[in-house]
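Input: a single structure, listed below in structure tokens.
Only the coordinates and a few stated rules stand behind these numbers; no lab work does. Here the structure is a predicted model, which is why all the values come from computation and not from measurement. Here Cβ is always computed from backbone atoms with ideal geometry, including for glycine, and neighbour counts include all displayed protein chains.
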Amino acid sequence: MTPVTFCGRTFTAQEVELMRVMAHDYAGLGVTEIARTVCELLEWKRPNGGLKNHECRQLLERLAADGVLRLPALRKLGGTGPRRMDVSMPSGEPEPVECAASACEPLELALVAGPRESRLWREQVERYHYLGCRVPFGAHLRYWVRNRDRELACLLWTSPAWKMKPRDVWIGWSDQQRQRNLQLIVNQGRFLILPWVRVKGLASKILAWSARQITQDWQSHYGHRPLLLETLVDAHRFRGTCYRAANWIYVGQTTGRGRMDREHKADGQAIKDIYLYPLVRDARPRLCDSTRVHPSTSI
């Protein structure tokens with residue numbers, strides 16, 4: 001066995017061997033319970049004390065694909081729903097929303113709640129966002145943007161990319177500082193203005209508003225307040241106008257690798273512009289702080 005680095009943590013050869021033994025000896029538990037047990041044994045937790053069982057499952061699946069261990073067959077449990085929404089059937093669009101941004105107020109930024117809302121949110125993103133709707137990786141929060149109970153937009157905030165050179169150069173941190181403080185960055189994984197909403201200036205207004213709210217909600221759910229937001233914009237499709245209007249900072253482009261492409265198989269594909277939004281004035285020095293991050297980090 002050799003050490004493995006995943007999601008900011010390096011697992012020793014002994015820890016990888018423990019995962020292999022757990023997968024073999026407790027195959028009857030199923031993959032999810034094995035992941036939870038491994039998290040408990042290795043104390044792989046979020047700042048708020050919650051287990052990183054989703055990330056652990058991803059790691060176990062990666063090790064299984066590499067032949068390091070064998071996982072039990074996935075159980076077919078009812079009620080969990082598909083990983084991708086079926087949008088093959090046509091869907092009627094509501095009446096267009098065409099007005100000034102001020103006429104859409106008051107806006108409501110609401111966390112997606114309950115299975116019915118979750119299914120509708122996933123369906124809208126799968127149907128109308130060019131990247132579709134995949135199961136988010138790691139920590140994440142999903143939002144509706146509404147006006148008088150009418151959905152206008154969908155937002156998804158997730159764990160940040162492990163490495164992005166332009167972002168890391170802008171911050172100026174070392175590898176050790178990045179591993180320690182990466183959790184203080186949040187990635188905007190999806191931003192979708194629904195196609196029947198044609199309101200000039202609405203996108204930048206939503207970006208400014210959601211940047212204020214995400215700090216409180218992220219701390220409530222995950223035990224720490226972020227210092228920096230990041231997002232990736234496909235320059236072949238979009239000019240990033242709304243991000244620039246909302247004072248996000250362009251810092252460069254990705255190499256085209258996905259966040260899970262650790263073998264550099266996708267270099268040069270889907271190159272995207274990187275935008276950052278500091279949530280505090282001293283975001284960079286605080287992200288470079290080498291002292292241990294406390295869950296109750298205040299802003």
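Phi-derived couplings, Karplus 6.51 cos²θ - 1.76 cosθ + 1.60 at θ = phi - 60°, listed residue by residue for region 229-242: 10, 9, 7, 10, 10, 6, 5, 6, 10, 9, 9, x, 4, 5 Hz, with x used for Gly and Pro.
If each residue's Cβ is checked for other Cβ atoms within 10 Å, how do L29, L227 rank with the fewest at the top?
Numbers: L29 15, L227 24.
Ascending Cβ contact count within 10 Å gives the list L29, L227.
Local charge for A245 was computed over the other residues whose Cβ lies under 14 Å away, with Lys and Arg +1 and Asp and Glu -1, and equals +4. Model label points for S118 and R70, set 7 angstrom from Cα along the Cα-to-Cβ axis, are 3.2 nm apart.
On a per residue basis, the convex hull of the C-alpha atoms belonging to region 98-287 measures out at 125 Å³. For region 4-65, a simple Cβ point-charge model (Lys and Arg +1, Asp and Glu -1, everything else neutral) yields a dipole of about 240 debye relative to the Cα centre.
Here the spin labels are modelled as points 7 Å beyond Cα on the Cα-Cβ line, and at R239 and T12 they lie 5.6 nm apart.
Loop-resident trypsin sites (Lys or Arg not before Pro) (DSSP state other than H, G, I, E or B) in region 169-244 with no more than 16 further Cβ atoms inside 10 Å of their Cβ: K200, R237, R239. With the simple model of a label 7 Å out from the Cα in the direction of the Cβ, Y130 to Q179 spans 3.7 nm.
Once a ≥ b ≥ c are taken as the square roots of the eigenvalues of the Cα gyration tensor of region 4-65, is the result rounded (a/c under 1.5), prolate (a/b larger than b/c) or oblate (a/b not larger than b/c)? All intermediate terms of the calculation are to be shown ahead of the outcome.
Working: a/c = 1.61, a/b = 1.21, b/c = 1.33.
Because a/c hits 1.5 or more and a/b fails to exceed b/c, region 4-65 counts as oblate.
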